[in-house]
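**Q** Take this structure, written in C-alpha cells, and hold onto it; I'll ask about it next.
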Amino acid sequence: MIEVLAKLGRGPVFLAGEVLECVITFTNPLSASSTSASSEMLAWASAQIHCQFHASENRVALPPSDGSKHDVQAENETVFVPNRGERGQCILSTPPKILFCDLRLDPGESKSYSYCETLPIDGPPSFRGQSVKYVYKLTIGCQRVNSPIKLLRVPFRVLVLHGLKDYQFPQDEAVAPSNPFLEAEEGLKKDSRLADLATELLMVATSRRSLHLYNISNTRGKVGTFCIFKTVYKIGEDVIGTFSFSEGDIPCLQFSVSLQTEESIQEEFQRRRGQPVSFSTHARHQEACLHTAQSSFSLPIPLSSTPGFTTNIVSLKWRLHFEFVTSGESAGNCLVRGSQSEAITWTGVEQMEVDTFSWDLPIKVLPTNPILASYVSQFSSTNSITI
C-alpha cells in the first residue's frame, strides 16, 4: 500500500497567471501490526491541470464537438487522461508533467515531488451557476505495474482579473533590492510580482469615491433620494448606501435592497430564443420606513462569490435590486386618533392603498487577494488517496 498526499502550500485560491505549486508526497507506511513489511513499487506518476465545463441541457444549446464523445479507455491502459469519468467537456488543460518513473519505497520511506505550473491567463474563472459551471482541478495520476491507473484530484479556485494579461514586467531589475543569500526561482519572483500588481490594480479601481445621487420617484411624484459613494467593489467588501425621504412628496412605507447576480447565456447558445436570465440573491436588507427621514443599508459581498465576467457562452453581472412600497395617501393620513380623551394615542390605519415599484442599479464586482479568499474556500488544501 502507498499513500499519496497532495498539498497546495498557499491555499486553494489563485489568480489566473499565477504559478500553482503543489507538493506531492508518496509514502510506504510502516504499520505497527504488520509482521512482514515489504518494499512498494510505482511505475510512474504524472500531473496536469484542467478546467471542466458543464452546461445545463435545459438552458444551453452547445454545438457538437469532438471532445464530447464518450471515454472508452479501459482501466488497465497506461494512458494518462486527467478528466476521465468527469462530467462535461475539458475546455482547458496544461501540458502533463512527469513526476517520476520507477519509484521504489522501502517500509516507512517517503519521497516528495514539487509540481509547478502557470495558470493560463486567458481561461474562465471558477464558477458554479444555474446554467453553466467552470471547475478547475489538478489531477495526479499514478500506476503500479500491471494495475489500473489511480487518479488523485485536487480542486482549486481561479479568479480572473482583467488587465494583467497585457502588463509587461521590466527586464532590468538591477536597481531592485535583493538578498544574495536567498535563492529564488524566476517563476516564483514573477508570481510574487503578479500578486502585488493585482493588489495594486484592485486598490486603485475600488478606492475611487464620488457622490452618486439618484432621485426615487413613481408616476405620482418624488419618494426620496438614494446616495452611494462608489459602484466598483471587490468581493469581501460591503456595499453601503443611504436613503433620504425628508424631501419626498409620496410617503414610503417599506423598502428592500437585494445584492444580486445576473447570469445570462449569449444569444447564439440559448436553448430557447428570448429565454429569461437567472438571478441569484447574495444579501438582502428590508426595512419599514414610514415617518423616517433617513435610512441606510450595508450588504456584504461574499468572498465565496464569483466576480463579474464574460465568456463566449455566459456573462455574469452584479446589481442592486430595489423594491419600494409607497402609500397612495399623504403621510398625515397614515395615522388615526385613537380616543377623544386628554391622553391622545395614535394608531396605524387598518387598510391603506399602496403602490409598489422596483429599480435596478448595476455595480461592478472585481476579485480580491487570493490569499484572503482562501480563508473561506470550500476546497481543502490537502487531498490524499491510497493505492
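**Q** If each residue of separation counts as 0.36 nm, what is the full-extension length gain between L164 and I385 once their alpha-carbon separation is subtracted?
**A** On the way: separation 221, 0.36 × 221 = 79.56 nm, distance 3.60 nm.
76.0 nm is the gain from fully extending L164 to I385.
**Q** Can you send over the carbon and sulfur percentage of the accessible area for region 228-338, probe radius 1.4 Å, protein chains only? Mind dumping the intermediate values first?
**A** Working: 2310 of 5140 Å².
Answer for region 228-338: carbon and sulfur cover 45 percent of the accessible area.
**Q** Another one. Highest mean first, what order results for 270-280, 149-159 on Cβ atoms within 10 Å?
**A** On the way: 270-280: 12.1, 149-159: 21.1.
Sorting 270-280, 149-159 by mean packing, highest first, produces 149-159, 270-280.
**Q** Along Cα→Cβ, 7 Å out, is where each label goes; now give me the distance between the ones at S315 and S112 in nm to one decimal.
**A** Output for this residue pair reads 4.7 nm.
**Q** Per the Debye formula with a single identical scatterer at each Cα and no solvent contribution, what log10 I(q)/I(0) holds for region 205-288 at q = 0.13, 0.21, 0.26 Å⁻¹?
**A** Taken in order of the listed q values, log10 I(q)/I(0) reads -0.65, -1.06, -1.23.
**Q** Leaving out ligands and nucleic acids, note down the accessible area per residue over region 187-267 with a 1.4 angstrom probe, in whole Å². Could the numbers behind the result be given before it?
**A** Details: 3880 Å² over 81 residues.
With the other protein chains kept in place, region 187-267 gives 48 Å² per residue.
**Q** Also: Give K133/K317; K7/K137; K230/K317; K111/K137; K7/K133; K97/K150 a once-over and call out the pairs whose C-alpha atoms are over 18 Å from each other. Write out the running numbers ahead of the final one.
**A** Details: K133/K317 16 Å; K7/K137 13 Å; K230/K317 16 Å; K111/K137 23 Å; K7/K133 24 Å; K97/K150 16 Å.
Over 18 Å apart, Cα to Cα: K111/K137; K7/K133.
**Q** For the pair R84 and Y214, what calculated FRET efficiency results from E = 1/(1 + (r/R0)^6), where r is the Cβ-Cβ distance and R0 = 56 Å, to the nearest 0.05? Could the numbers behind the result be given before it?
**A** Details: r = 53 Å, r/R0 = 0.95.
Plugging the Cβ-Cβ distance into 1/(1 + (r/R0)^6) gives 0.60.
The values are calculated or read from the model by the stated rules, or taken from the named source; none is laboratory data. Just so we're clear, the structure is a prediction, and the values are computed from it rather than from any experiment. Here the Cβ is made from the backbone with ideal geometry for all residues, glycine too, and neighbour counts use every protein chain on show. Note: accessible area is taken over every heavy atom of the protein model, side chains too, but ligands, DNA and RNA are not part of it. Shrake-Rupley method; radii C 1.70, N 1.55, O 1.52, S 1.80 Å.
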